[in-house]
1. So in the stretch 150-183, with the set limited to residues that are closer than 30 Å to THR91 by Cβ and among the hydroxyl-bearing types (Ser, Thr, Tyr), which one is modelled with the lowest pLDDT?
2. Considering every residue within the stretch 217-231, establish whether at least one is at pLDDT 75 or above, surrounded by fewer than 22 Cβ atoms within 10 Å (Cβ to Cβ) and within 24 Å of TRP70 (Cα to Cα).
3. I'm told GLY146 meets every condition in (1) over 26 Å from VAL92 (Cα atoms); (2) modelled with pLDDT under 85 except one. Can you identify the failing condition by its number?
4. So which pairs qualify, if the first residue must be in the stretch 36-49 and touching a residue at least 12 places away in the same chain (Cβ under 8 Å), the second must be part of a helix (DSSP H, G or I) and of a type in the set (S, T, N, Q), the Cβ gap must be under 7 Å, and the two must be at least 6 apart or on different chains?
5. Within the stretch 232-243, how many residues are assigned to a helix (DSSP H, G or I) and either modelled with pLDDT under 70 or surrounded by fewer than 16 Cβ atoms within 10 Å (Cβ to Cβ) (or both)?
6. Within the stretch 116-129, identify whether any single residue is assigned to a helix (DSSP H, G or I), out of contact with any Gly (no Cβ under 6 Å at 6 or more places or on another chain), at pLDDT 80 or above and within 21 Å of ALA47 (Cα to Cα), and answer yes or no.
7. Residues to consider are GLY183, GLY150, GLY212; find the one that is touching a helix residue (DSSP H, G or I) at 6+ places or on another chain (Cβ under 7 Å), buried (at least 24 other Cβ atoms within 10 Å of the Cβ) and farther than 12 Å from SER55 by Cα.
8. Using beta carbons and a limit of 9 Å, which pairs, at least six apart or on different chains, have the first residue in the stretch 60-83 and more than 24 Å from GLY146 (Cβ to Cβ) and of a type in the set (Lys, Arg) and the second one assigned to a loop (DSSP other than H, G, I, E, B) and modelled with pLDDT under 95?
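The values are calculated or read from the model by the stated rules, or taken from the named source; none is laboratory data. Just so it is clear, the structure is predicted and the values come from calculations on it, not from any experiment. Don't worry about glycine lacking a Cβ; one is built from the backbone with ideal geometry, like all the others, and counts go over all protein chains shown.
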Amino acid sequence: MYLVIIFYLLLFLVAFLYSSVGHGGASGYLALMASFSLAPDTMRSTALLLNVFISLMAFIQYYRSGHFQWKLFWPFALLSIPAAFFGGMITVDQGVYKKILALLLLFSVVKLIGFKYQDAAPKKEQSLVVSLFIGFVIGLLSGMIGIGGGILLSPLILLLHWANMKQTAAVSALFIFVNSLAGLAGLFFNGLRLNPEMGFMIAIALSGGALGAFLGASKFNSTKLKYILACVLIIASIRLMFT
């Protein structure tokens with residue numbers, strides 16, 4: 001019973017932290033479910049479905065705050081959506097699956113604490129060809145692993161100086177939403193299986209995600225939250241790497 005309570009408290013926290021920076025949280029949900037030994041055949045689909053709800057909520061908040069840029073979003077999404085669909089149809093070995101997930105979590109940590117970005121830095125013109133390539137690669141990985149791809153897209157946008165922090169969060173949120181839907185569609189053809197407690201998990205994640213998205217988009221600087229999230233991801237990545 002205590003483990004169940006701890007699991008749902010952590011689920012709330014993960015949804016809150018991720019949504020505050022415009023992410024859906026799939027990588028965190030996957031690490032959490034793996035740590036609590038949930039059924040592996042339901043993890044990817046469960047994480048993607050949670051991603052759909054939380055990323056949409058985050059996008060709405062950032063959109064309402066005026067941070068979304070369509071011209072920045074569509075080149076990434078054009079090839080990522082079909083790539084995520086096909087990625088969802090690919091079955092990944094569980095050992096390889098955990099290692100890839102661990103590496104992606106570490107990539108997220110690098111983005112959160114190892115990269116200092118100044119909003120005042122000059123913006124550069126977005127490259128259509130590079131954006132299409134990035135979208136395709138991230139989309140394929142997203143469908144295969146069961147994430148929306150925001151932890152990969154956000155740092156790339158910032159490193160390329162194509163947008164500021166808030167604009168990146170808005171684009172990432174919608175990118176995660178469409179990729180998660182595409183990945184779920186691909187999983188459907190292989191027999192979609194969800195956790196039996198899916199309804200309750202969505203309710204808990206939505207409550208955390210709603211609060212995080214609202215505060216992240218309009219109320220506070222999320223620097224401290226990013227460092228907390230980075231610590232959680234490091235622990236989860238190490239656990240996945242050696243299990």
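1. Across the stretch 150-183, the extreme among qualifying residues is SER154.
2. Going through the stretch 217-231, the residues at pLDDT 75 or above turn out to be 217-218.
Filter once more, so that each one left must be surrounded by fewer than 22 Cβ atoms within 10 Å (Cβ to Cβ): 218.
Those still in the list that are within 24 Å of TRP70 (Cα to Cα) too: 218.
Within the stretch 217-231, one or more residues are at pLDDT 75 or above, surrounded by fewer than 22 Cβ atoms within 10 Å (Cβ to Cβ) and within 24 Å of TRP70 (Cα to Cα).
3. Every listed condition holds for GLY146 apart from (1).
4. Cβ pairs passing all conditions: PRO40/GLN94; LEU48/SER180.
5. 7
6. At the first step, the residues of the stretch 116-129 found to be assigned to a helix (DSSP H, G or I) are 128-129.
Next, only the ones that are out of contact with any Gly (no Cβ under 6 Å at 6 or more places or on another chain) stay: 128-129.
Add one more test, that the residue is at pLDDT 80 or above, and what stays is 128-129.
Keeping just the survivors that are within 21 Å of ALA47 (Cα to Cα) gives none.
No, because not a single residue in the stretch 116-129 is assigned to a helix (DSSP H, G or I), out of contact with any Gly (no Cβ under 6 Å at 6 or more places or on another chain), at pLDDT 80 or above and within 21 Å of ALA47 (Cα to Cα).
7. On the way: GLY150 fails: farther than 12 Å from SER55 by Cα; GLY212 fails: farther than 12 Å from SER55 by Cα.
From the options GLY183, GLY150, GLY212, the qualifying one is GLY183.
8. From residues that are more than 24 Å from GLY146 (Cβ to Cβ) and of a type in the set (Lys, Arg), the pairs are LYS71/GLN126.
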